[in-house]
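A quick write-up on the structure given underneath.
Here, each number is a calculation from the coordinates, and none is a lab measurement. Just so we're clear, the structure is a prediction, and the values are computed from it rather than from any experiment. As a convention, Cβ positions derive from the backbone with ideal geometry for all residues, glycine included, and neighbour counts pool all protein chains shown.
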């Protein structure tokens, strides 16, 4: 049996030793060579990004890619430390929180109506090139939730101050896709992508910010944008990733993000009309994305690849539902520890049919696992005797 607190402590020691800096699956453009080649051909940029992401050998040092601080990763680490402080307040954890707040402040993207964050690398999607720092609603919403929980658990005014103006970025800078009386928030200020987890995450942070800012526009926009994505929920409880023809897949962790965003809104006392839809979506999530032993499927209709995001988000979301899904949460946690934990204390990125990619990505893997482990500890912190997994 392995103790979750011990596993979390070893992971914490690893990320602190690396100052929370590391590589990312999508950081190919941090290579001077890839940046030069990709500037002239988007397909070259996509090819290098996919090569770096899928290769089990870390090519980055050979191509001059340096480790860096990823804003979303720093936000997730902050979230984890805030939960550790709520479980056991102490000065050492509080100092780590202060350090991460300062680091997060230095990483925000300037030039917008409110605080916002992007990634620490350029990246090329199928249709769009995103320069380093391009702010997104996904990053800014996750960081916003981390900041608000940090404030609620520690009382640090800096966290609340940093979170407050995120609403202005979302309300004033993001593009919107209208539909009748409703609309969908786009992914960023520069695109027109309709992506449901992005839209719902934006709605969820606006709802939480309402009680701190008193800005009625938060409620109006949140409920309007939420209605857009809820109208796209399928009868079985699922959502496609997005509305474009090339975005019709259904995957595990983005479905989890949708449900977690909706739960946040329900918990804040809004959108009660979607309670049944939430229950239907949760049932779909549990029944279609996890095998009986806790193995996390990436897509609803196939298992591989076994990506660390899937169990991490499963733990983060299901732990918030308490005892009803505790056994399921612990099966997922047990699988993650048994299959993805390195003897060195960090976690692996992905398993494919052909082997395991053991590169210790910081944002995609360590930050999400740290968030998941601390969420489990937070949810069941009064029952330490069960805080173990069989391995």
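Protection proxy ranking for 311-317, 46-52, 66-72, using the average of other Cβ atoms within 10 Å per residue and placing the highest first: 311-317, 66-72, 46-52.
Using alpha carbon centroids, what distance separates the stretch 161-206 and the stretch 1-26, in Å? Using only Cα atoms, the two centres lie 32 Å from each other. Here the stretch 161-220 is described by how far its Cα atoms reach on the three principal axes: 29, 23, 18 Å, from widest to narrowest. A helix-only calculation puts the chain at -16000 deg cm²/dmol for mean residue ellipticity at 222 nm, using -39500 (n - 2.57) for each DSSP H run of at least four residues, averaged over all residues.
When 363, 176, 54 are sorted by how many other C-beta atoms sit within 10 angstrom of their C-beta, beginning with the fewest, the order is 54, 176, 363. Shape index of the stretch 28-77: Rg/Rh, with Rg the Cα radius of gyration and Rh the Kirkwood radius from the inverse mean 1/r over Cα pairs, equals 1.02.
Computed over the chain, relative contact order equals 18 percent, with contacts defined as Cα pairs under 8 Å that lie 6+ residues apart. Going from the residue with the fewest nearby Cβ atoms within 10 Å to the one with the most, 246, 109 rank 246, 109. Considering only the Cα atoms of the chain, their convex hull presents on average a projected area of 18.2 nm².
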